[in-house]
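Structure first, then comments.
The values are calculated or read from the model by the stated rules, or taken from the named source; none is laboratory data. All values derive from a computational prediction rather than experimental measurement. For neighbour counting, all protein chains shown are included, and Cβ atoms are generated from backbone atoms with ideal geometry for every residue, glycine included.
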There are 2 protein chains.
Amino acid sequence: MKEHWLDEVCWSADGLAPVITQEQSSGQVLMLAWMNRDALSMTSETGYAVYWSRSRQRLWRKGEQSGHRQQIKEIRLDCDQDAILLLVEQQGGIACHTGRHHCFFNRLRSQVWQAVEPVIKSPDEIYKEK
Amino acid sequence: MKEHWLDEVCWSADGLAPVITQEQSSGQVLMLAWMNRDALSMTSETGYAVYWSRSRQRLWRKGEQSGHRQQIKEIRLDCDQDAILLLVEQQGGIACHTGRHHCFFNRLRSQVWQAVEPVIKSPDEIYKEK
């Protein structure tokens, strides 16, 4: 009998795999996050990205506070079966908790990291009590 | 005095950070790999991607055997300073050791991982003795 697709992922010793999230329409790499088996299962079932938050040690339904959910277009696995690529559409156009479109906003230039992407919406505004 | 840019990266307990490598011309995510401080330093200095091979536990000058080097166009760091994004041009058009353009060739479809990208050149041909 064929192995379950979730077991074909080579989860690390702590049960995680790194996940690259890329915006399908623009090709922009939005963020790098982590999933465990449950997170990947829920992502596939619900059609929206669910990660494992290492800092909070719990499942993290992306956008649960901000509303900036990520609708899944494709799920891919790499040659070593230990890294995942999500192709998504980013709701609200903001993936980063700093209020930027994506998380990779620090560019190395002459041995200095420089923030080169604008804040679209302030975090205070995004995460205000509702 | 300002911190050295290499020390601004939040290296993990084992001294590594995950690295996403994206082809600048196509936007294709080519691979996910790992760097330590030395690898990132050498990448910046030489202008070509150098990773840390976790399986071989040594620095890995990408393309050292295959010739498929990755010329650096941009180096970026994310909001948490613990993930790196490289924008590169992929020499030879092949990033994956399986002989495919990129590593994320397994697509999930109806709970089955399917290889959906062609092998451009056989690994035997790529890694033959020279």
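Counting residues in the range A:42-52 that are in contact (Cβ under 8 Å) with a residue 12 or more places away in the chain, at the interface with chain B (Cβ under 8 Å from one of its Cβ atoms) and outside any loop (DSSP other than H, G, I, E, B) gives one or more.
Under the condition of being at pLDDT 95 or above and of a type in the set (Lys, Arg), the residues counted in the range A:1-47 number 1.
For the condition within 13 Å of the chain's Cα centre (by Cα) and on the phi > 0 side of the Ramachandran plot, A:Gly63 qualifies.
Quick check: anything in the range B:54-74 modelled with pLDDT of 95 or more, facing chain A (nearest Cβ under 9 Å) and in a strand (DSSP E or B)? Scanning the range B:54-74, I find at least one residue that is modelled with pLDDT of 95 or more, facing chain A (nearest Cβ under 9 Å) and in a strand (DSSP E or B), so the answer is yes.
A count restricted to the range A:6-29 and to residues that are out of contact with any Leu (no Cβ under 7 Å at 6 or more places or on another chain) and facing chain B (nearest Cβ under 10 Å) stands at 5. The residues on offer are B:Leu77, B:Leu32, and the sole one that is touching a residue at least 12 places away in the same chain (Cβ under 8 Å), closer than 18 Å to A:Trp113 by Cα, within 10 Å of chain A (Cβ to nearest Cβ) and not hydroxyl-bearing (Ser, Thr, Tyr) is B:Leu77. Restricting to the range B:5-26, and then to whatever is without any contact (Cβ under 8 Å) to a residue 12 or more places away in the chain and either of a type in the set (Gly, Ala, Ser) or surrounded by 11 or more Cβ atoms within 10 Å (Cβ to Cβ) (or both), can you tell me which residue is farthest from A:Trp113 (Cα to Cα)? In this case the residue turns out to be B:Ser26. Out of all the residues in the range A:16-35, is one or more part of a helix (DSSP H, G or I) and farther than 17 Å from A:Gly93 by Cα? Within the range A:16-35, none of the residues are part of a helix (DSSP H, G or I) and farther than 17 Å from A:Gly93 by Cα. When the range A:1-15 is filtered for residues that are acidic (Asp, Glu) and outside any loop (DSSP other than H, G, I, E, B), the ones remaining, listed by number, are A:Asp7, A:Glu8. Looking only at the range A:80-130, which residues are within 9 Å of chain B (Cβ to nearest Cβ), touching a residue at least 12 places away in the same chain (Cβ under 8 Å) and assigned to a loop (DSSP other than H, G, I, E, B)? Once the filter is applied, which keeps residues that are within 9 Å of chain B (Cβ to nearest Cβ), touching a residue at least 12 places away in the same chain (Cβ under 8 Å) and assigned to a loop (DSSP other than H, G, I, E, B), the range A:80-130 yields A:Asp80, A:Gln81, A:Asp82, A:Ala83, A:Cys96, A:His97, A:Thr98, A:His102, A:Cys103, A:Phe104, A:Phe105. Taken over the range A:93-114, the criterion of being out of contact with any Ser or Thr (no Cβ under 9 Å at 6 or more places or on another chain) and surrounded by fewer than 16 Cβ atoms within 10 Å (Cβ to Cβ) is satisfied by A:Gly93, A:Arg109, A:Ser110, A:Val112, A:Gln114. Of all residues in the range A:77-123, those satisfying the criterion of being closer than 23 Å to B:His102 by Cα and not aliphatic (A, V, I, L, M) are A:Asp78, A:Cys79, A:Asp80, A:Gln81, A:Asp82, A:Glu89, A:His102, A:Cys103, A:Phe104.
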